[in-house]
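K.L.:
Have a look at this one.
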Amino acid sequence: MKIHEYQAKEILKKYNIPIQEGYAIENSADIDSTIKKVQADFNCEAVIVKAQIHAGGRGKGGGVKYCPTFEDAQGAANTILGMNLITHQTGPEGKMVNKILITEALDIEKEYYFAITFDRSKNSDVFIVSSEGGVDIEEVAENNPDQIIKAWIDDSPNALESAVKEIITSLSLEEFENVEQMFKDLYKCYLESDCSLLEINPLVSTTSNEIIALDAKVDIDSNSLFRHPEIAAYHDKSEEDPLELKAAEYGLNYIKLDGNVGCMVNGAGLAMATMDIVKHCGGEPANFLDVGGAANVETIKNGFKIILSDKNVKSILINIFGGIVRCDRVANGVIQAVKELDLDVVVVVRLQGTNAKLAKKILDESDIELISAETINEAATKAVEMIK
């Protein structure tokens, strides 16, 4: 689960991590009073106004503004709140800014990149740091790969201690007081909050000789949210795709894509393979949709509803492996769902596994327009050709 910068900073603050202080608002009526509160509470004239969306590149898109005066802050806040912010991570459609964060402005001496995540190749957590902070880390990796330092925290004794000392040395932060404890607290926050990613870009040193988290991006393992009701409450549905939210209500795993071949599959691995084959056959998948292991009339019907909510879909490819579920039951479910929904797009069905031959016979002898296929290549080819 993704959360906003201001929410991530609330979590960091609980672990004594120095943050750039400020207040988040979502109502334009609160702009003036919030600017004044930031100026008074943190003894500053200049403030920063930041769009709060689940995407990076906000600054380049015009969603982060330095405001030296109250009037500047007023103008920036009224402009950013409610704007459609387009960044390299939102895509051309952009994202509506429903919340802004107004923070104190700091006198920055140096910017750094810091992150903690899990490295599957080494089966251990890893610190990723760079002296080139405040820019896209992908650019640093491509243009100056030697500027990225990694330190792994494995199961060996003193691994955390060694990793912390390594990144302090690599960033030349030895002179800063309590910096070692800060990095240890960041790792504690990462572990105890069940983060899949904890990123601070930039982590800054100030002219007053402090190390402060200027920005924060925290992704939480959704499977752990039952342990963190206070973090689960951070979920911002306005940042989610409406179709993906509806699919979640149906118990379906759905991700919208840009193509026109709708895919309905049981099992995440098979779904990925199906999308690949659609692409291989010259088509463009419109979605990832995993209906789960027990595909029945209701799940298939709901799957159709979600797929057809995307107006780009011109054909639907159903690829079901009958392991626990019998293919003949799936076939009858598909027929019933198609009849009830009165579809006006081509539906190609490929069923393999238990009772697959019986299922194909049921589909072929049905009184509705369905195209059955025996192999996934045949099914994908037909789904793509019917659009052309």
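K.L.:
Kindly list the number of the only condition in (1) over 30 Å from GLU180 (Cβ atoms); (2) of a type outside the set (A, V, I, L, M, F, W, C); (3) touching a helix residue (DSSP H, G or I) at 6+ places or on another chain (Cβ under 8 Å) that fails for ASN16.
P.N.:
Against the list (1) over 30 Å from GLU180 (Cβ atoms); (2) of a type outside the set (A, V, I, L, M, F, W, C); (3) touching a helix residue (DSSP H, G or I) at 6+ places or on another chain (Cβ under 8 Å), ASN16 comes up short only on (1).
Okay, residues lined up against (1) closer than 29 Å to CYS67 by Cα; (2) out of contact with any Lys or Arg (no Cβ under 8 Å at 6 or more places or on another chain):
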| position | (1), (2) |
| --- | --- |
| PRO92 | yes, yes |
| LYS95 | yes, yes |
| ILE100 | yes, no |
| ASN123 | no, yes |
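K.L.:
Filter the range 216-233 for residues that are assigned to a helix (DSSP H, G or I) and small (Gly, Ala, Ser); which is nearest to MET386 (Cα to Cα)?
P.N.:
Going residue by residue through the range 216-233, those that are assigned to a helix (DSSP H, G or I) are 222-227, 229-232.
Those left that are additionally small (Gly, Ala, Ser): 222, 224, 232.
Numbers: SER222: 38, SER224: 43, ALA232: 44 Å.
Out of the qualifying residues, it is SER222.
K.L.:
Return the total of residues in the range 66-88 being surrounded by 15 or more Cβ atoms within 10 Å (Cβ to Cβ), within 27 Å of the chain's Cα centre (by Cα) and in a strand (DSSP E or B).
P.N.:
Number satisfying all stated conditions: 1.
K.L.:
Of all residues being at pLDDT below 85 and assigned to a loop (DSSP other than H, G, I, E, B) in the range 234-261, which is farthest from GLY94 (Cα to Cα)? Just the residue, please.
P.N.:
Filtering the range 234-261 for residues that are at pLDDT below 85 and assigned to a loop (DSSP other than H, G, I, E, B), the one farthest from GLY94 (Cα to Cα) comes out as GLY251.
K.L.:
When you check ILE53 against the structure, is it outside any loop (DSSP other than H, G, I, E, B), buried (at least 21 other Cβ atoms within 10 Å of the Cβ), in contact (Cβ under 8 Å) with a residue 24 or more places away in the chain and not polar (S, T, N, Q), yes or no?
P.N.:
Values: outside any loop (DSSP other than H, G, I, E, B): no; buried (at least 21 other Cβ atoms within 10 Å of the Cβ): yes; in contact (Cβ under 8 Å) with a residue 24 or more places away in the chain: yes; not polar (S, T, N, Q): yes.
Here the answer is no, as ILE53 does not meet what is asked.
K.L.:
Moving on. Which ranges mark the strands (runs of 3 or more DSSP E) fully within the range 309-388 that have 3 or more residues being within 18 Å of PRO285 (Cβ to Cβ) and among the aliphatic types (A, V, I, L, M)? Step through it out loud before you land on a result.
P.N.:
Values: elements: 315-322, 346-353, 371-373.
Ranges flagged: 315-322, 346-353.
K.L.:
Yes or no: the range 29-37 includes at least one residue that is over 16 Å from VAL97 (Cα atoms), of a type in the set (Asp, Glu) and modelled with pLDDT of 95 or more. Before you say what the answer is, go through the steps one by one.
P.N.:
First, pick out the residues of the range 29-37 that are over 16 Å from VAL97 (Cα atoms): 32-37.
After this cut, where a residue has to be of a type in the set (Asp, Glu) as well, the list is 32.
Keeping just the survivors that are modelled with pLDDT of 95 or more gives 32.
Yes, the conditions are met somewhere in the range 29-37.
K.L.:
Do we have GLN181 as assigned by TED's automatic domain parsing to the domain that holds LYS217, loosely packed, with under 15 Cβ neighbours inside 10 Å and among the polar types (S, T, N, Q) here? Spell out how you get there, then give the answer.
P.N.:
Values: assigned by TED's automatic domain parsing to the domain that holds LYS217: yes; loosely packed, with under 15 Cβ neighbours inside 10 Å: yes; among the polar types (S, T, N, Q): yes.
Considered against the rule, which asks whether it is assigned by TED's automatic domain parsing to the domain that holds LYS217, loosely packed, with under 15 Cβ neighbours inside 10 Å and among the polar types (S, T, N, Q), GLN181 comes out as yes.
K.L.:
Evaluate the following for SER172: is it of a type in the set (S, T, N, Q), under 20 Å from SER131 (Cβ atoms) and surrounded by 14 or more Cβ atoms within 10 Å (Cβ to Cβ)? Full working, then the answer.
P.N.:
Details: of a type in the set (S, T, N, Q): yes; under 20 Å from SER131 (Cβ atoms): yes; surrounded by 14 or more Cβ atoms within 10 Å (Cβ to Cβ): no.
In short, no.
K.L.:
Which one of these does ILE53 not meet: (1) more than 23 Å from the chain's Cα centre (by Cα); (2) outside the structural domain of PRO202 (by TED's automatic domain parsing); (3) closer than 27 Å to GLU192 by Cβ?
P.N.:
(1)
K.L.:
Do any strands (runs of 3 or more DSSP E) entirely within the range 90-140 hold 3 or more residues that are under 30 Å from SER28 (Cβ atoms), and if so, which? Reasoning before the result, please.
P.N.:
Numbers: elements: 100-104, 108-119, 124-130.
Qualifying strands (runs of 3 or more DSSP E): 100-104.
K.L.:
Right, LYS14: without any contact (Cβ under 8 Å) to a residue 40 or more places away in the chain, charged (D, E, K, R) and surrounded by fewer than 20 Cβ atoms within 10 Å (Cβ to Cβ) or not?
P.N.:
Spelling it out, it is not the case that LYS14 is without any contact (Cβ under 8 Å) to a residue 40 or more places away in the chain, charged (D, E, K, R) and surrounded by fewer than 20 Cβ atoms within 10 Å (Cβ to Cβ).
K.L.:
With respect to ASP221, is the statement that it is over 22 Å from VAL97 (Cβ atoms) and either surrounded by 15 or more Cβ atoms within 10 Å (Cβ to Cβ) or at pLDDT 95 or above (or both) true? Working first, answer last.
P.N.:
Numbers: over 22 Å from VAL97 (Cβ atoms): yes; either surrounded by 15 or more Cβ atoms within 10 Å (Cβ to Cβ) or at pLDDT 95 or above (or both): yes.
Criteria met by ASP221.
K.L.:
Among the numbered criteria (1) in contact (Cβ under 8 Å) with a residue 40 or more places away in the chain; (2) touching an Asp or Glu at 6+ places or on another chain (Cβ under 7 Å); (3) more than 30 Å from GLU240 (Cα to Cα), which one does PHE118 miss?
P.N.:
So PHE118 meets the others, but not (3).
K.L.:
Let me ask you something else. Inspect all residues belonging to the range 308-323 and state whether any of them is touching a residue at least 12 places away in the same chain (Cβ under 8 Å), surrounded by 24 or more Cβ atoms within 10 Å (Cβ to Cβ), closer than 11 Å to MET264 by Cα and not β-branched (Val, Ile, Thr).
P.N.:
Checking the range 308-323: at least one residue is touching a residue at least 12 places away in the same chain (Cβ under 8 Å), surrounded by 24 or more Cβ atoms within 10 Å (Cβ to Cβ), closer than 11 Å to MET264 by Cα and not β-branched (Val, Ile, Thr).
K.L.:
May I ask you to list pairs of residues, at least six apart or on different chains, whose Cβ atoms are under 9 Å apart, with the first in the range 18-41 being closer than 11 Å to GLN74 by Cβ and the second being of a type in the set (Phe, Trp, Tyr)?
P.N.:
Here the result reads ASP32/PHE70; THR34/TYR23; ILE35/PHE70; LYS36/PHE70, each pair linking the range 18-41 to a residue that is of a type in the set (Phe, Trp, Tyr).
K.L.:
Which count do you get for residues in the range 134-159 that are surrounded by 12 or more Cβ atoms within 10 Å (Cβ to Cβ) and over 17 Å from VAL218 (Cα atoms)? Steps first, answer last, please.
P.N.:
Taking the range 134-159 as the starting set, the residues that turn out to be surrounded by 12 or more Cβ atoms within 10 Å (Cβ to Cβ) are 134-137, 140-141, 144, 147-154, 159.
From what is left, the residues that are over 17 Å from VAL218 (Cα atoms) are 135, 140-141, 144, 147-154, 159.
Count: 13.
K.L.:
Any idea which of (1) without any contact (Cβ under 8 Å) to a residue 12 or more places away in the chain; (2) within 22 Å of the chain's Cα centre (by Cα) is the one ILE128 doesn't satisfy?
P.N.:
Unmet for ILE128, out of (1) without any contact (Cβ under 8 Å) to a residue 12 or more places away in the chain; (2) within 22 Å of the chain's Cα centre (by Cα): (1).
The values are calculated or read from the model by the stated rules, or taken from the named source; none is laboratory data. Computed from a predicted model, the values in this text were never measured in an experiment. So basically every Cβ, Gly included, is an ideal-geometry build from the backbone, and we count neighbours across all protein chains shown.
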